[in-house]
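This report concerns only the one structure given below.
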Amino acid sequence: MPTRLLLVTLSVLIVAGAIGTVFFQRQAELHAARAATLERDLERVRAEATQEHERAQKLSTKAAELDTQLGNAKTRTTATETKNTQLARELTATKSSLTERQQREVALLSEIEALRQQMRLAETASASAPAPVAPSSATLATSASNANTLAAGSALPPNAPVPPSSATVGEPSAADLDAYRERIAALESQLTSLLTRALAEPSAPPAVAPAAQPPPAPGYRVVRVGPHDAFVIVDYGRDEGATIGDELTLHRGTTVVARVQISDARAKFSVAQVLPAALKRQLQPGDFVLIAK
């Protein structure tokens, strides 16, 4: 009986050992499989980390390039703004100079027209007056004031001839008329120089790079307008066939604004007197000229 019990006990122990061995072997296999899976996951994570690191480096390099480009763009923008500011100052100065030149031209034209009127009146008085009559003190004062104003307003040299002043008597002499003519010729020379330069030069420099512009409209235009729309200067001169006495029609768009008659034709421009009965609107530089001979 004890031997049998011993055998049973040994059998149980052997079976238990076998079961334990199988169990622990199975657990070892599971742990090994789990470890292999974790190793694979770790390798995958390491590969992904390497890729992300490389991507981060590329992004950092790209960011540095973009920052450099941004700095260059800011530098170019600053240079462009500086250039635009300088061009704006130059444009303002050019516009101011152009305005002063236009004012000088209109002043010269007004002075020439006034002198011509005085000369015509003097010639008429000289031809019709039966005897010399001494002028009144008011007339002498007015003549002196006009002469001083004309002499001060022009850019003639000090020895330029001036119209007769308060020493003039009732009937003008030939010397007085010659002085008027010389004064008019000198002023016309100044006016011709100013207008020739104005027509030859551009009105203002462009503030930006010039873009493609449509072709200019054909024909001629008004370049200056005299005080009270009394006369105009047009860029139509003897070289284009202008002659004294020609009548021109001024229009803006499809609207006729005035009719004028050429009183002085030069090589590159003409001075035309506005016909009062045909003045319909206030004249402006840039009005088109229709030639109707």
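Bear in mind that the values in this text are calculations on the coordinates, not laboratory data. Computed from a predicted model, the values in this text were never measured in an experiment. Counting neighbours? That spans all protein chains shown, and the Cβs are built from the backbone with ideal geometry, glycine included.
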So, in nm, how far is label Ser189 from label Leu5 when the simple model puts each one 7 Å beyond its Cα toward the Cβ?
15.8 nm
Spelling it out for Asp235: with amide H atoms placed in the peptide plane at 1.01 Å from N, the residues 5 or more places away or on another chain with amide H under 5 Å from its amide H are Arg221, Val223
Per-residue counts of other Cβ atoms within 10 Å, averaged by peptide: what ranking do you get for 84-96, 15-27, highest first?
84-96, 15-27
Expected unfolding gain across Leu279-Ser96 under the 0.36 nm per residue rule, minus the alpha-carbon gap, is 62.9 nm
Counting only residues 5 or more places away or on other chains, whose amide H sits under 5 Å from the amide H of Leu290 once H atoms are built in the peptide plane?
Thr249, Leu250, His251
Under a point spin-label approximation (7 Å from Cα along Cα-to-Cβ), what is the Arg181-Arg40 distance to one decimal in nm?
12.0 nm
Mind checking the full-extension length gain between His53 and Gln69? Use 0.36 nm per residue of separation minus the Cα-Cα distance, one decimal, nm.
3.3 nm
Measure of size requested: the Rg and Dmax of segment 1-118, with Cα atoms as the atom set and Å as the unit; please supply both.
49.6, 169
Under a crude label model (7 Å from the Cα following the beta-carbon direction), how far is Phe24 from Gln103 in nanometres?
11.5 nm
Can you list the lysines whose alpha carbon is less than 28 Å from that of Lys280, not counting same-chain residues fewer than 8 positions off?
Lys268, Lys293
Among all the lysines, which ones have a C-alpha under 28 Å from Lys83's C-alpha, if same-chain residues fewer than 8 places away are not counted?
Lys74, Lys95
